[in-house]
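The structure appears below as structure tokens.
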Amino acid sequence: MPAYARTATLAGLTSAVLAVLGGAQPYAHRPGGTAPGATGGPAPVAADGFRSVRTYPVVAPPVRLRIRALRVDSPLQRLGLRPDGTVEVPARPDVAGWYERGPRPGQPGPAVVLGHVDSRTGPGVFARLRTVRPGTLIGVDRADGSKVTFRVTRVAQTSKTAFPTDLVYAPTLDATLRLVTCGGSFDRDRGSYRDNVIVFADEA
């Protein structure tokens, strides 16, 4: 069970960085180092030893994501790491995925959800994510029937070669949510989009 679920751990980042979604061949970041073609330094890794005196309840894993404003109502696939060290991507374009090596939604820290923007057969689950506005509510259903709601605070679009790892994965005392998909123009040579769209949200 994640350390975030028991006595309060303000650990550093989970040392996995997301796979960026959309297009025929998703571009993936690798834990502990820069993504192919990236210009930044190594991805941050977990840093134990910084603990809070606060305690937090255990929460059940997420099973569904709802964004009424975008007409998103998707089950959540659990995502881990591939054998090559990159983060898995959702198997279907119409289903979002939760990175299960990070915090669960409602635990302190950034819970990360990935979704495709499109596919060869049509729009993906996050096709309209770039249009979401601050204040929009995001609901997450959990396996035990409980729910947690997040409120969008901002939306960013960044180049994949300058992915803001610290902003997305940095530990927080409060429960936060990050939604990530592809954006920008399509690079036909690479078979993927050039940018990422990242939605930042705090527990409402």
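Rule-based calculations on the coordinates, nothing more; no lab input. These figures come from a predicted structure and were not determined experimentally. Cβ sites come from the backbone with ideal geometry, for glycine too, and all protein chains shown count toward neighbours.
If you wrap a convex hull around the alpha carbons of segment 73-170, what volume per residue comes out, as a whole number of Å³?
Numbers: hull volume 12.9 nm³, N = 98.
Each residue corresponds to 131 Å³ of Cα convex hull volume.
Can you list residues from other chains, or at least 5 along the same chain, whose modelled amide H is less than 5 Å from the amide H of residue 77?
Counting only residues 5 or more places away or on other chains, the set is 96, 97, 98.
Within 10 Å of each residue's Cβ, count the other Cβ atoms and sort 163, 126 from fewest upward.
Details: 163 24, 126 32.
Ranked by crowding around the Cβ, least crowded first: 163, 126.
How many nm separate the modelled label positions at residue 204 and residue 95, each set 7 Å beyond the Cα in the direction of the Cβ?
That separation, rounded to one decimal, is 2.6 nm.
Please give the net charge around residue 172, taking every other residue with its beta carbon less than 12 angstrom from that of residue 172, where Lys and Arg add +1 and Asp and Glu add -1. Walk me through the numbers on the way to the answer.
Numbers: positive: 178; negative: 166, 174, 202, 203.
Net of charged neighbours comes to -3.
Please compute the modelled spin-label separation between residue 190 and residue 167, points set 7 Å along Cα→Cβ, answer in nm with one decimal.
Distance between label points: 1.8 nm.
Once amide H atoms are placed 1.01 Å from N in the peptide plane, what residues at a sequence separation of 5 or more from residue 118, or on another chain, have their amide H within under 5 Å of its amide H?
Hits under the 5 Å cutoff: 23, 124.
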